[in-house]
Protein chains: 2
Amino acid sequence: MLTTGTRKPRATIVDIARLASVSKSTVSLVLKGSTLVKAETRERVLGAMRQLGYVYNRGAANLRMARSNIVGMVISDLVNPFFAELAVGIEEAIYTAGYVPLLANTGEDADRQDKVLRSMSEQGVAGIVISPTDRSRANTLIEISRSGVPIVTTMRRLEESGLPYVGQDNFEGERQAVDYLIGLGHRRIAFLGGHDTMATQRERVAGYRSALADHAIPFDPALVAEGYPNRAGGVEAVRVALALDDPPTAAVCFNDMVAVGAIRELSRQAIKVGRDFSIVGFDDISEAEHNAPPLTTITAETKQLGAQAAGFLLDLIAGGPVPASPVIGATRLIVRESCSEPLGKRARIRA
Amino acid sequence: MLTTGTRKPRATIVDIARLASVSKSTVSLVLKGSTLVKAETRERVLGAMRQLGYVYNRGAANLRMARSNIVGMVISDLVNPFFAELAVGIEEAIYTAGYVPLLANTGEDADRQDKVLRSMSEQGVAGIVISPTDRSRANTLIEISRSGVPIVTTMRRLEESGLPYVGQDNFEGERQAVDYLIGLGHRRIAFLGGHDTMATQRERVAGYRSALADHAIPFDPALVAEGYPNRAGGVEAVRVALALDDPPTAAVCFNDMVAVGAIRELSRQAIKVGRDFSIVGFDDISEAEHNAPPLTTITAETKQLGAQAAGFLLDLIAGGPVPASPVIGATRLIVRESCSEPLGKRARIRA
DNA sequence: CTGAAAGCGCTTACAG
DNA sequence: CTGAAAGCGCTTACAG
């Protein structure tokens, strides 16, 4: 039934031209809807196209026009719902603008990132939007950017690259989270997950410290437990924090995945989150809302931010100027049910 | 600092040829590592490339060779972790084979699917792997397939298309789930989520009915509560089931997302899953393991299946034969903590 | 309104 | 071992 394997050569504009008894210039003209072509001729050409099952060869056109309608998207971890949402936001914007997204998932592998970047470069992409991997070197990106391909980085800043950046306000977001916890009465607040090799983590930790400082709470380095930015990392990190001599009564987490892992471990230890221990996440992935308990977290409108990064790149591709400063999306605290006053405090009030 | 906007034309093989004082044929030869070129000449050419920052124009080469190194990937819902994992599996296999994946997320929108399919076709993809949207018409796919582009469908079968298919064994998987629940002592078992417009759902419901029949349990249509295949759908569906005059004591769910939604709603109603009510999911997304309680579910090695679908397509692209029968991956029950004997039964035993 | 010609950056026989 | 020439499927001035 299928004719796979016997790949018949596709019809070209000269086939159409011949069948419609016109020149290929004329075919090309009707292809772009030029008004120069007489209606009757256009119809004849269109008919020939239908008859031959013509499909436009965008690659040939791109070659001739010395441009490209392909935009590279390199995503650091597609399996993390946060980045999946980001990817969807980017991808939609690219399609809407009439471009076509070439995707690569690097899975946090910096070598892989270099490879796909090179491949995209060969493919002649019009531009690239990338959420860089952890520990990624900027060399390849800089090189490609120098060759004239616009690049925008997103979500993870690559300071040394000087590349345009679109991200959320990690500092302010984490401040909001910690401020909320302090308002509830917490004093021993841990920071769980992430590594300080990630700019994102450093920015969030800085926000955490800033909120602490505002309330004259001394910063205790033992309270920041690094770990992978995923569920397993959350499990590990919360164990470390709990094992402290003076354990925390609450924690902010590097992201929601870490928070979910931490909550799982806490409940395994029969510590009820939202009563015995308070947790705030970051990202507001859709799982957060459906977690048990529903997770209080920080949102930054991921999908929109993705769309914004793409829009930004599209501007650059269109020849727009490189903006002087990065775009930093505002964050917002979403209160759900994973936090409460510290146990001790309630006890005292009741007494 | 950046030169974006002042896109300098990339160096071509003739620039290299000129600088290295050879013909462009020679440059092309060293490009493909031919042994015909004298070592000294090769070095000179390579040096010129470095000096000019040459980057290969794969598009031009593809045009000339009348082939393509781009493979289309159309995914029905990238935000669903199940499909995200699938996508990663496909994408890796494509990259490993030296191809480059062109991604589109259709978000379950059939019109969008047609659009991206057309776009990929224009782009001259070497082949396409697609997880079709719910209610997707096969026309465009058949048309493209007829034009000689190999296509493999995955996860959602499009019976009327006659296209090669790689998926998991929905029938057998659901049988395993229901069989397990029956073994635990359940008799009133609901099927939650999904619509019968989806082949996947129909196959799973058939497996559900088959297991029931094996144990001479009559099928009660009221027990299958359709709904969206996501968390919200799970919330809705379980409410419907619970409102029945003779409510179920357990449920199998269309997928893990539905299961997670259902569990959330159950716990909202103070019904403890894994004690008062039993739930089995389908897919084994990574969230399943970290859910509260950890979700008993059916796995089909998603990522591997994705890789298999891609490998399959790659064979077709290489000119391999269209296999006579679909590839159906085996499923396996993963027992975690979301199930128990029905309450009544335990009460009786204790009495 | 339509046609002939050149050229985008490659590869591939074909000579030498 | 290396070079000259043709051609992949388009677009774009330029004539007419």
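The values are calculated or read from the model by the stated rules, or taken from the named source; none is laboratory data. Predicted, not measured: the structure shown is a model, and the values here were computed from it. Here the Cβ is made from the backbone with ideal geometry for all residues, glycine too, and neighbour counts use every protein chain on show.
Any idea how many residues of region A:278-312 are more than 13 Å from the chain's Cα centre (by Cα) and facing chain B (nearest Cβ under 10 Å)?
Qualifying residue count for the region: 8.
Inspect region A:130-147 for any residue being within 12 Å of A:ALA309 (Cα to Cα) and within 12 Å of chain B (Cβ to nearest Cβ) and give the result as yes or no. Don't jump to the end; show me each part of the working.
Residues of region A:130-147 that are within 12 Å of A:ALA309 (Cα to Cα), as a first pass: A:130-131.
Within this subset, residues satisfying the condition of being within 12 Å of chain B (Cβ to nearest Cβ) are none.
Checked against the condition, which is being within 12 Å of A:ALA309 (Cα to Cα) and within 12 Å of chain B (Cβ to nearest Cβ), region A:130-147 yields no hits at all.
Can you find a residue that is outside any helix (DSSP H, G or I) and modelled with pLDDT under 95 anywhere in region B:206-223? Step through it out loud before you land on a result.
Within region B:206-223, the first condition is being outside any helix (DSSP H, G or I), and the residues that meet it are B:215-220.
Keeping just the survivors that are modelled with pLDDT under 95 gives none.
Taking every residue of region B:206-223 in turn, none turns out to be outside any helix (DSSP H, G or I) and modelled with pLDDT under 95.
How many residues are farther than 17 Å from B:VAL14 by Cβ, within 42 Å of the chain's Cα centre (by Cα) and within 11 Å of DNA strand D (Cβ to nearest atom) when one looks only at region B:25-67?
Residues in region B:25-67 being farther than 17 Å from B:VAL14 by Cβ, within 42 Å of the chain's Cα centre (by Cα) and within 11 Å of DNA strand D (Cβ to nearest atom): 5 in total.
Determine the pairs where a residue that is touching a residue at least 12 places away in the same chain (Cβ under 8 Å), located within region B:217-228, has a partner that is hydroxyl-bearing (Ser, Thr, Tyr) with Cβ atoms under 8 Å apart, the partner being 6 or more residues away or on another chain.
Close Cβ pairs (under 8 Å, with a partner that is hydroxyl-bearing (Ser, Thr, Tyr)) amount to B:VAL224/B:TYR208.
For residues that are without any contact (Cβ under 8 Å) to a residue 40 or more places away in the chain and at positive phi, scanning just region A:145-183, find the one that is surrounded by the fewest Cβ atoms within 10 Å (Cβ to Cβ).
This residue is A:GLY162.
Of the numbered conditions (1) more than 13 Å from chain A (Cβ to nearest Cβ); (2) crowded, with 20+ Cβ neighbours inside 10 Å, B:ALA222 fails exactly one; give the number of that condition.
The failed condition is (2).
For region B:122-134, name all the residues that are surrounded by fewer than 21 Cβ atoms within 10 Å (Cβ to Cβ) and either touching a residue at least 24 places away in the same chain (Cβ under 8 Å) or not in a helix (DSSP H, G or I) (or both).
Within region B:122-134, the first condition is being surrounded by fewer than 21 Cβ atoms within 10 Å (Cβ to Cβ), and the residues that meet it are B:122, B:134.
The one that is surrounded by fewer than 21 Cβ atoms within 10 Å (Cβ to Cβ) and either touching a residue at least 24 places away in the same chain (Cβ under 8 Å) or not in a helix (DSSP H, G or I) (or both): B:ASP134.
Yes or no: region A:75-89 includes at least one residue that is under 19 Å from B:VAL71 (Cβ atoms), touching a residue at least 12 places away in the same chain (Cβ under 8 Å) and within 16 Å of DNA strand D (Cβ to nearest atom).
Start the filter on region A:75-89 by keeping residues that are under 19 Å from B:VAL71 (Cβ atoms), which leaves A:75, A:78, A:87.
Narrowing the set further to residues that are touching a residue at least 12 places away in the same chain (Cβ under 8 Å) leaves A:75, A:78, A:87.
Still in the list and also within 16 Å of DNA strand D (Cβ to nearest atom): none.
The answer is no, given that none of the residues of region A:75-89 is under 19 Å from B:VAL71 (Cβ atoms), touching a residue at least 12 places away in the same chain (Cβ under 8 Å) and within 16 Å of DNA strand D (Cβ to nearest atom).
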